[in-house]
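The values are calculated or read from the model by the stated rules, or taken from the named source; none is laboratory data. Keep in mind that this is a model prediction, so the values were computed, not measured. Don't worry about glycine lacking a Cβ; one is built from the backbone with ideal geometry, like all the others, and counts go over all protein chains shown.
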Amino acid sequence: MQELSQPALLGVLYEQLTALQARDQAQAATNQQEPYVAIPNTGKVLTGVYEQLRNSAEYTEEHLLLQHAIRRFYARELFLAEQPRTQDIGQELVIELTHAGYLQRDSVSMATAEQLSRMADEAMRRYGQLRQSHVRREDASEWLLSVLAVESDGLLNPNRLGHAVASVAFLHFLRLFPREQYAPAIPREEYELSLFMAIYLALLKTDVATARTELLRAQPNHADISTKEYIALNRMVDAAAKADLTARFRRVVIKQGAPLRIVYAMTKDRPDLPALLSSREHFMDAYSDQVAREYSGIKRHIGKGIIKSIVFLFVTKVIIGIGIEIPYDILLHGRIEYLPLVINTLTPPAYMALLGLGLTAPARSSAAELRRYIENVLFGDAQPQRYTRLYPKRMSPLGTIVFGTMLMLPLFITIFILNQLGFNIMQMIIFFVFLSTASFLGFRLSGMIRELELTAPQTGLFGSLRNFFYLPFIQAGQWLSGKYARLNIVGRILDIAIELPLKTLLRLVRQWVRFVNEKREDIY
């Protein structure tokens, strides 16, 4: 790939923002063309209540909830139904999303609904080709559901300007960490794909599905890509999502992506962003305003995150308590052990709330640092400073052993305390699982502040001791969260036990009501 100078990055950003803005406006105009999809009232309350429950069991970025709801709809209608039908599936999707509160009434045209139905039909055609090519059912459905959900989200909620920032970030970090210097043994395609994935995961805070879709869109004639190429590309994405290099790039983007993260926020708040880029002074003034807005709003975002985390922990704990902890107590002791049950239920949410009290907004010096960095990236010529390493220094074997032994100390202390309180082995496991999950969720919330800074503030003795104590719980929580995100046991239980029968019944009721109304009209 040809290396671009910093001013060239400004041109790339302007051109892509202009093109994507025009595309979003065209799609928004299509959505507003009458006639609109008619939204019946049947099932609205039940659907809305269930969606609130379902979202509380899925700890994800708020802007991904619509995409995930779309994915669940397609999974149910196309891959769980006995006889999948794509006819009018676009209208059914719009009705369900409106009932769930994601869309407003009279906001989606019949033309858009028909386009959604065609996309679903094309996805099923591609699915048949993949199965004929001996692709596993799980892989084929995962690939197609990912792309179909992301593309449907893009039609219903056209807002693609962030992809322009992702393109500039890709070129910027590729220049900052050239493959020839950092990983010459890794093939260029693999190196760049890992960076591409990391930017979507860490900067835009999307998921693998979005990165997969954007990579497919970037292919020449992507709509007509052969089955062989489609399989190869998706397998590359699957491998990159698990690659160590992607995880390393993700940490780099998290630590050094703050200046570009502000530009990404501007794509949502400043529709005049392309025009601002024509004037260095006007852009930098707007950039400073955006930094101030992000800093002033960070406490509000953290507060919402704490509430969401507490609800997630409580709902998950109630389900596990009913399904595992209480039956285990009755089986082992013949009665419910209330003290461990109460401690396991209340400690993680209370711990989350206490963690939130210690979080503060970034200092003003951080804002000035962000401004200097982005001004150099878009308007300057000098190579920006690297604030992090792609390959950090390794600890010596002896240091690793000593550090690992020290990390076990908080665990032993916690086990001793729980044993004194009369916890059995199952209650201890549940306590560790939820305390670790709460620690990691709290760490993620503190990361919201870290993501708006280039340099992390130094912690004092008390802060270091606190970090030392809950570091092993963070690491355990990170591992558990990764497993939960892949398995999402609570979410799957809700999908199968409640959503599938509920949504199927509501759809049948809507069809019956529509049939009765049509027959009544025939009488007149």
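In the range 58-82, what count of residues is obtained for those that are touching a Leu at 6+ places or on another chain (Cβ under 8 Å) and either of a type in the set (Lys, Arg) or outside the structural domain of ALA140 (by TED's automatic domain parsing) (or both)?
Number of matching residues: 2.
Find all pairs meeting these conditions: Cβ atoms under 8 angstrom apart; at least six residues apart or on different chains; first residue within the range 361-383 and within 14 Å of ASP285 (Cα to Cα) and of a type in the set (Lys, Arg); second residue modelled with pLDDT of 80 or more and in a helix (DSSP H, G or I).
Note: pairs meeting the criteria are ARG371/MET284; ARG371/TYR287; ARG371/SER288; ARG371/VAL291.
Need a quick list: helices (runs of 4 or more DSSP H) entirely within the range 115-218 having at least 3 residues that are of a type in the set (Val, Ile, Thr).
208-217
Got a number for residues in the range 247-279 being among the polar types (S, T, N, Q) and out of contact with any Phe, Trp or Tyr (no Cβ under 9 Å at 6 or more places or on another chain)?
2
Pairs, please: C-beta under 6 Å, at least 6 apart or cross-chain, first residue at pLDDT 95 or above and in the range 145-156, second among the polar types (S, T, N, Q) and assigned to a helix (DSSP H, G or I)?
So the pair list comes out as VAL147/THR213; ALA149/GLN67; VAL150/THR210; VAL150/THR213; ASP153/GLN67; LEU155/THR112.
Just to be sure before I move on: is LYS228 among the charged types (D, E, K, R), within 21 Å of VAL147 (Cβ to Cβ) and not in a helix (DSSP H, G or I) in the structure I sent?
Spelling it out, it is not the case that LYS228 is among the charged types (D, E, K, R), within 21 Å of VAL147 (Cβ to Cβ) and not in a helix (DSSP H, G or I).
Out of ARG118, ARG72, report the one residue that is among the basic types (Lys, Arg) and touching a residue at least 40 places away in the same chain (Cβ under 8 Å).
Just one listed residue meets the conditions, ARG72.
Looking only at the range 268-295, filter to residues that are surrounded by 22 or more Cβ atoms within 10 Å (Cβ to Cβ) and of a type outside the set (Phe, Trp, Tyr); which one of those is nearest to THR360 (Cα to Cα)?
The extreme case among them is GLU294.
Tell me which of these LEU9 doesn't satisfy, since it passes every other one: (1) under 23 Å from the mean Cα position of the chain (by Cα); (2) surrounded by 19 or more Cβ atoms within 10 Å (Cβ to Cβ); (3) touching a residue at least 24 places away in the same chain (Cβ under 8 Å).
Of (1) under 23 Å from the mean Cα position of the chain (by Cα); (2) surrounded by 19 or more Cβ atoms within 10 Å (Cβ to Cβ); (3) touching a residue at least 24 places away in the same chain (Cβ under 8 Å), only one is false for LEU9: (1).
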